[in-house]
Amino acid sequence: MMKIAIAGIGGVGGYFGGLLARHYQNSDEVEIYFIARGENETAIRQQGLKIETPGSTFTATPKLVISDPAQVGEVDLLICCTKSYDLEQSITQLKPCISKDTIILPLLNGIDSYERIKAVYPENEVWEGCVYIVSRLTEPGLVTVTGDVNSLFFGSTDGTEARLESALQIFTDAGIKATLSQNIQQTIWEKYLFISTIATLTSYFNTSIGGILAKTENMDLLHSLLSELKQVANAKGIMFPENSTNAIKERMAKLPYETTSSMHTDYQKGKNAEVDSLTGYVVKLGKQLNVPTPTYEKLYTALKNK
Ligand SMILES: NC(=O)C1=CN([C@@H]2O[C@H](COP(=O)(O)OP(=O)(O)OC[C@H]3O[C@@H](n4cnc5c(N)ncnc54)[C@H](OP(=O)(O)O)[C@@H]3O)[C@@H](O)[C@H]2O)C=CC1
Ligand SMILES: CC(C)(CO)C(=O)C(=O)O
């Protein structure tokens with residue numbers, strides 16, 4: 001029996017965990033557990049997790065939804081879907097789910113989830129991943145997906161090939177548009193180039209992705225951020241294809257005008273925001289690598305004071 005736990009049943013964990021729970025509900029081979037808390041945990045326990053997408057609505061029922069990881073026990077694969085600022089606290093709390101054989105796969109936006117998890121669980125196989133989706137926990141027990149982007153990328157530079165392939169099969173069978181990346185570092189950095197700049201700008205200007213594309217002054221700032229982040233990445237040995245700026249603009253243009261970043265949504269709701277991992281981290285890396293990041297510094301300071 002393969003035991004999979006999804007920790008953090010919000011927009012991302014709810015959608016991808018929901019697909020897994022729906023597909024493996026009656027399976028003898030795969031069991032899906034949700035680690036959720038508060039009203040969300042209660043709602044999912046009472047009526048399942050409802051997932052509304054533009055094309056379909058379904059309700060997913062995991063084997064168990066619980067806030068106490070001890071009641072789940074050790075799992076084979078732990079998929080982390082909390083916000084970046086909750087990562088250390090949640091994975092430390094998840095210790096009862098983690099044996100030496102447990103694989104940990106973070107799907108958070110950001111570059112440093114791998115090293116942060118390794119700092120707590122140095123012996124474990126930790127993969128890397130990222131997702132493209134616009135998904136929100138709109139009320140306890142309800143996940144709403146907008147637009148038609150919903151892909152998951154994962155991989156590992158030193159993971160066990162057979163386990164990576166087996167996870168790919170499990171994800172794909174559940175209907176997840178999953179890709180096993182052969183260069184996960186590049187894949188993660190490409191997502192970061194997109195989300196760091198977009199999250200920073202949508203939050204700074206308090207506007208949607210369409211709103212960024214619509215104004216020259218916003219686009220000028222986008223180009224400055226992209227240029228600074230590319231130089232930081234280059235200093236880390238990460239190179240982007242020549243057309244990467246155009247690729248980002250095309251990706252933005254394909255999203256509905258009103259789409260915004262999850263960081264901007266958090267600012268709008270007055271919630272904690274991932275500004276340290278999505279904006280501040282670039283400033284920090286720039287300082288470490290002696291790469292100037294004046295635009296990032298200005299926007300980071302403004303966002304920290306928001
Ligand atoms: N939403 C999106 O469209 C996208 C998001 N991402 C990234 O994915 C990550 C997750 O984002 P998203 O799904 O939006 O975040 P959400 O805030 O919607 O979901 C995170 C969930 O984790 C829960 N959580 C945190 N700590 C614990 C814990 N110790 N035990 C149980 N539950 C816990 C939170 O509960 P509580 O509310 O109680 O704090 C919350 O329900 C982020 O890094 C984000 O940037 C990437 C692509 C798209
Ligand atoms: C901008 C978006 C929706 C694109 O997937 C995203 O990654 C996020 O909100 O974190």
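The values are calculated or read from the model by the stated rules, or taken from the named source; none is laboratory data. If you're wondering where the values come from, they're calculated on a predicted model, not measured in any experiment. Cβ placement follows ideal geometry from the backbone for every residue including glycine, while neighbour counts extend to all protein chains displayed. Each accessible area value is taken on the protein alone, full model and side chains, heavy atoms only, with ligands, DNA and RNA left out. Shrake-Rupley method; radii C 1.70, N 1.55, O 1.52, S 1.80 Å.
How big is segment 2-182 by Rg and Dmax over its Cα atoms, in Å?
That works out to 14.8, 42 Å for Rg and Dmax.
For segment 175-306, calculate the relative contact order in percent as a whole number, restricting contacts to Cα pairs under 8 Å that are 6 or more residues apart.
Over segment 175-306, the number comes to 34 percent.
Compute the normalised compactness of the chain: alpha-carbon radius of gyration over 2.2 N^0.38 Å, N being the residue count. Intermediate values should be presented prior to the final figure.
Details: Rg = 18.9 Å, N = 306, 2.2 N^0.38 = 19.4 Å.
After normalising by residue count via 2.2 N^0.38 Å, the value is 0.97.
Would you work out if segment 42-133 is rounded, prolate or oblate? Take a ≥ b ≥ c from the square roots of the eigenvalues of the alpha-carbon gyration tensor; rounded if a/c is under 1.5, else prolate when a/b is larger than b/c, oblate otherwise.
Numbers: a/c = 2.21, a/b = 1.39, b/c = 1.58.
Since a/c reaches 1.5 but b/c is at least a/b, the shape of segment 42-133 is classed as oblate.
Report the accessible area of residue 12, computed with a 1.4 Å probe over the heavy atoms of all protein chains in place, in Å² rounded to the nearest 10.
Counting only protein heavy atoms, the figure is 40 Å².
How large is the dipole of the chain about the Cα centre if only Lys and Arg carry +1 and Asp and Glu carry -1, each at its Cβ, rounded to the nearest 20 debye?
So the magnitude is around 780 debye.
Among 293, 275, 239, which residue has its Cα furthest toward the positive end of the charge dipole of segment 186-304, with +1 on Lys/Arg Cβ and -1 on Asp/Glu Cβ?
Value computed over the given set: 275.
For the chain, give me the percentage of DSSP beta bridges that are antiparallel, rounded to the nearest 5 percent.
35 percent
Length gain on complete extension for the stretch residue 276 to residue 288, per 0.36 nm per residue less the alpha carbon to alpha carbon distance?
Additional length available on full extension: 2.8 nm.
Over the chain, calculate the relative contact order: mean separation of alpha carbon pairs under 8 Å at least 6 apart, over the residue count, as a percent.
Here the relative contact order equals 15 percent.
Mind jotting down the distance between the C-alpha centroids of segment 228-264 and segment 60-134, whole Å?
26 Å
At a Förster radius of 35 Å, what calculated FRET efficiency corresponds to the Cβ-Cβ distance of residue 52 and residue 302, to the nearest 0.05? Before the final figure, lay out each step's value.
Working: r = 35 Å, r/R0 = 0.99.
It comes to 0.50.
At 1.4 Å probe size, what's the solvent-accessible area of residue 239? Round to the nearest 10 Å².
Accessible area of residue 239: about 110 Å².
Multiplying the sequence separation of residue 146 and residue 95 by 0.36 nm and subtracting their Cα-Cα distance, what value in nm do you get?
So the chain would gain 15.0 nm between residue 146 and residue 95.
Subtracting the Cα-Cα distance from 0.36 nm times the residue separation, let me have the gained length for residue 219 to residue 26 in nm, one decimal.
64.5 nm
Assuming a ≥ b ≥ c are the square roots of the Cα gyration tensor eigenvalues, decide whether segment 186-304 counts as rounded (a/c under 1.5), prolate (otherwise, with a/b larger than b/c) or oblate.
oblate
Which whole-Hz ³J(HN,Hα) couplings does segment 285-301 yield from phi under the Karplus relation 6.51 cos²θ - 1.76 cosθ + 1.60, θ = phi - 60°, glycine and proline marked x?
5, x, 5, 4, 9, 6, 10, x, 9, x, 5, 4, 4, 4, 6, 4, 4
At a probe size of 1.4 Å, how large is the accessible area of residue 125, to the nearest 10 Å²?
Roughly 40 Å² of residue 125 is accessible to a 1.4 Å probe.
Using a cut-off of under 12 Å, list every residue of segment 49-84 whose amide N is near the label point 7 Å from the Cα of residue 251 along the Cα-to-beta-carbon line.
So the set is empty, nothing qualifies.
Ignoring ligands, DNA and RNA, what percent of the 1.4 Å accessible area of segment 2-182 is carbon and sulfur?
So the carbon and sulfur contribution to the accessible surface is 47 percent.
What does the helix-only formula give at 222 nm for the chain: each DSSP H stretch with n ≥ 4 adding -39500 (n - 2.57), the total divided by the residues, and the result rounded to the nearest 500 deg cm²/dmol?
-13500 deg cm²/dmol
May I ask which residue of 107, 46, 145 lies farthest towards the positive end of the charge dipole of the chain, with charges of +1 (Lys, Arg) and -1 (Asp, Glu) on Cβ and the Cα centre as origin?
The residue sitting farthest along the positive end of the dipole is 145.
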